[in-house]
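Comments concern the structure below.
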Amino acid sequence: MKLCETKKLHYDKYFYKFVVVNKCAHFFRTEFQPNGNLKYCQKRLDETNEHFKSNKDYIEIPLTNDWRWKDTIPTQHFFDAINIYRHLKKHKNYKIRCEVNMLHIYSNDRKMLIDLSNKVQQPYSEFWEPNPENIELLSSKNNLIIVNKKPEYEYKITLGKKPGLPSLAHWIDNNPNLAKMGEVAKQECYNNGWVKGYYFHIRDSKALSLAQLLVGDNIQRIDKFVYVPT
């Protein structure tokens, strides 16, 4: 299992994250679980079990009535999914995100995630946790990112769903000592294009005030970089 350091709260809330590759990951999608009871996951596991054969390394599931179209799930992934389901049914206060075949589970209960990781056989997985010395710092303020070298720019502004502004791109181009933005994001601003999720960096609090005036209400979030020596 790969160990990674949490340098900003996941979803502005969680210290810990467990990530595992599993072809059954989509069984756990949050939007399919009414009231968070994992009923959809249970249904899909039951359906998969109908095609399980103990002498096979893979489970083949027909996608239509024609067996030429089928999904293939490694048997070990299926067993891991069962263990994850049973474990999560015993706990609350966690969050799930599915990304293709990657299952991300977030919680502030470290023991719960460690116990879960010990029940999973899939060799590729990740466990994210903060340096114990930084827990208090991460708890003290949202939208904070810990870095291990002094940042050139103190703030990160993530843009919202409104069109980009040419005036913002002009200001950044004319003041490289105050702000920095990637070329793709900048071109979207020049073209009044789609900028949601794009971000730029700001040198200090004074420059931040200017940037906020330029961007107006199209700011999705502002993160602050905090230098913590290693």
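The values are calculated or read from the model by the stated rules, or taken from the named source; none is laboratory data. As the structure is a prediction and not an experimental result, all values here were calculated from the model. Don't worry about glycine lacking a Cβ; one is built from the backbone with ideal geometry, like all the others, and counts go over all protein chains shown.
Brief remarks on what is shown
- Of all residues in region 134-168, those that are touching a residue at least 60 places away in the same chain (Cβ under 8 Å) and either farther than 16 Å from LYS17 by Cα or surrounded by 15 or more Cβ atoms within 10 Å (Cβ to Cβ) (or both) total 22.
- Those strands (runs of 3 or more DSSP E) lying entirely in region 47-145 with at least 2 residues aromatic (Phe, Trp, Tyr): 125-129
- Subset of region 20-46 (residues that are not in a helix (DSSP H, G or I) and not β-branched (Val, Ile, Thr)): ASN22, LYS23, CYS24, ARG29, GLN33, ASN37, LEU38
- Among the residues of region 95-126, just one is aromatic (Phe, Trp, Tyr) and either buried (at least 19 other Cβ atoms within 10 Å of the Cβ) or modelled with pLDDT of 95 or more (or both), namely TYR106.
- Test: residue in region 14-23 that is among the hydroxyl-bearing types (Ser, Thr, Tyr), at pLDDT below 95 and in contact with a strand residue (DSSP E or B) (Cβ under 9 Å, 6 or more places away or on another chain): no
- The set of residues in region 9-48 being of a type in the set (S, T, N, Q), surrounded by 12 or more Cβ atoms within 10 Å (Cβ to Cβ) and either in the same structural domain as GLN220 (by TED's automatic domain parsing) or more than 18 Å from the chain's Cα centre (by Cα) (or both) consists of GLN33, GLN42, THR48.
- Under the condition of being hydroxyl-bearing (Ser, Thr, Tyr) and farther than 11 Å from TYR16 by Cβ, the residues counted in region 109-133 number 2.
- Taken over region 191-206, the criterion of being of a type outside the set (Ser, Thr, Tyr), surrounded by 12 or more Cβ atoms within 10 Å (Cβ to Cβ) and not in a loop (DSSP other than H, G, I, E, B) is satisfied by TRP194, PHE200, HIS201, ILE202.
- The one condition in (1) farther than 30 Å from ILE135 by Cβ; (2) assigned to a loop (DSSP other than H, G, I, E, B); (3) of a type outside the set (Val, Ile, Thr) that HIS170 fails to fulfil: (2)
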